[in-house]
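The values are calculated or read from the model by the stated rules, or taken from the named source; none is laboratory data. Just so it is clear, the structure is predicted and the values come from calculations on it, not from any experiment. As a convention, Cβ positions derive from the backbone with ideal geometry for all residues, glycine included, and neighbour counts pool all protein chains shown.
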Amino acid sequence: MAVKGKHGTATDIAPDNSDTGNLLYDLVESFDIDPHIIALMFNEPFYAGVLRGVTKTCTKAIPTAGVLAKDGDLKMWYNPGFMAGLTEKQVRGLLKHEAMHLALMHTTTRRLEPHDVHNWAADLAINSHIPEIELPDGGLIPGKAFAPLTDTQKEKMDEAAQARYDRMSQFVEDLPKGLSTEEYFARIMQDEQMKEDMEKQQGNDGGEGMPGMDDHDGWDQLTEEQKELAAAKVKQAVAEAAKACDKKGQWGSVPAATQAEIRRLISNEIPWQAVLKKFVGFTKRSIRSTSWNKINKKNPMIMPGSRKKTEASIAVYIDQSGSVSNEELELLFGELQHLARRVEFTTFHFDTEVDEESETVWKKGRYTAPHRTRSGGTCFKCVHNHVHANKRRFDGYLVLTDGYASNPGPSRMKRGWVITTHGDVQDWMGGKDFIIKMKQRLEAAA
């Protein structure tokens, strides 16, 4: 039964998926989180600053802990039994983990689909920079295998599920530390076996004993309006915490590269992603269809009406020269996926000619992992000719390139140049064209 421990009313155990463990776990009624956040302020001022404005709720509605930005409020839920079973260092590590989810906009504007893959990728990226001794058992850590299955867990899993658990464990053990969320996301999506295993694992109630130190439920239930409202409040909280840390010159254990990325996220500079979104918005066309209004009792005539919706089909041509890195492809693909809700993208690879066999159509909920099919030079004229030969299919086109090729001439279609981080905008670019200069993500934990 519950005992009085150093963290409050607690037990000395963490959940172990056994009937006895769950019983004791459920008996814990309360956990005081405030002393841990106060202690965090002395050594980790940034994390404490982010969490200062978060509403904390002790609840048994979730099994572990989690953050969510909703209705303009920042919230953190935590299960008292779970928290009571952690050491002081693990509580500190969990708080740091949750603060980074908010600081790096994982709960709002930087969600990727499918969301279960994004959840894993975000956890892997964040946990790369938190000492393992500070992470609760069950956290996803690059380079570390899952805990061996207990006899109780094996009894609840058939052989196929156990084999799936072992494969996913090996995949995580083979991952290097220090990659970004987008890079971990891409590695999972590029592995067909891992994608299949994750889909099957998601379909099983309880996750078949899969690791998980925090809860991501609710991240996918925000409307676009709620995301914008919540993101504004998150940005304000992060900006205030970062400003205080810069003023005192104390960021605690936050890596320098992550500090730079946080400053970029809270800056007022218009990001290249916003310019890309603007290009997509300008490319949309309005589709009008006939509808019928509800019959008015005072005017029983059936009155014809109309309904409008907007959509667009955009071609994306990807330079296959070696100066366009895989990381830059991942950055662009991640942003395109955010925009593939009302917009259809069709990607093509090109060097000195367009590789028509590389054609891939993107629609909502579909992800295509970055890959290469060519490795020659660069010629923009072949892109110009190809897209205009298919002008009935597309409303505009983007060209991902380093920019080092000759002027293909003016375009009769909306055109956008997505220039890579190490590329250059050429003097002849401009006019009616959109210029989108990518910037490298500075952090390895976003």
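Quick notes
- Going through (1) modelled with pLDDT of 85 or more; (2) in a helix (DSSP H, G or I) one by one, Leu24 falls short only on (1).
- Odd one out for Gln90 among (1) over 23 Å from Asp246 (Cα atoms); (2) at pLDDT below 90: (2)
- Within the stretch 356-371, at least one residue is surrounded by fewer than 13 Cβ atoms within 10 Å (Cβ to Cβ), assigned to a strand (DSSP E or B) and touching a helix residue (DSSP H, G or I) at 6+ places or on another chain (Cβ under 9 Å).
- Residue match in the stretch 366-374 (condition: of a type in the set (Val, Ile, Thr) and modelled with pLDDT of 90 or more): no
- Helices (runs of 4 or more DSSP H) (entirely within the stretch 128-200) containing at least 1 residues that are among the hydrophobic types (A, V, I, L, M, F, W, C) and out of contact with any His (no Cβ under 9 Å at 6 or more places or on another chain): 159-173, 181-190
- Condition met for Glu29 (modelled with pLDDT of 65 or more, acidic (Asp, Glu) and either crowded, with 16+ Cβ neighbours inside 10 Å or outside the structural domain of Lys233 (by TED's automatic domain parsing) (or both)): no
- So Glu132, is it touching a Lys or Arg at 6+ places or on another chain (Cβ under 9 Å) and outside the structural domain of Leu329 (by TED's automatic domain parsing): yes
- Among residues of the stretch 45-70 that are under 15 Å from Met100 (Cβ atoms) and assigned by TED's automatic domain parsing to the domain that holds Gly81, those with a Cβ under 7 angstrom from a residue that is outside any strand (DSSP E or B) and aromatic (Phe, Trp, Tyr), sequence gap 6+ or separate chain, pair up as Phe46/Trp251; Ala65/Phe82; Leu68/Trp219.
- Lone unmet requirement of (1) in contact with a Pro (Cβ under 7 Å, 6 or more places away or on another chain); (2) not in a helix (DSSP H, G or I) for Ala244: (2)
- Residue check, His101 under 30 Å from Glu224 (Cα atoms) and not in a helix (DSSP H, G or I): no
- Selection within the stretch 253-267: residues that are touching a helix residue (DSSP H, G or I) at 6+ places or on another chain (Cβ under 6 Å) and touching a residue at least 60 places away in the same chain (Cβ under 8 Å). The member of this set that is surrounded by the fewest Cβ atoms within 10 Å (Cβ to Cβ) is Val254.
- Within this structure, Met83 passes the test of being more than 19 Å from the chain's Cα centre (by Cα), crowded, with 24+ Cβ neighbours inside 10 Å and either modelled with pLDDT of 90 or more or not hydroxyl-bearing (Ser, Thr, Tyr) (or both).
- Residues in the stretch 111-139 that are within 18 Å of Gly93 (Cα to Cα) and of a type in the set (D, E, K, R): Asp123, Glu132, Glu134, Asp137.
- Residue within the stretch 281-292 that is at pLDDT 70 or above, assigned by TED's automatic domain parsing to the domain that holds Thr401 and within 30 Å of Tyr184 (Cβ to Cβ) present: yes
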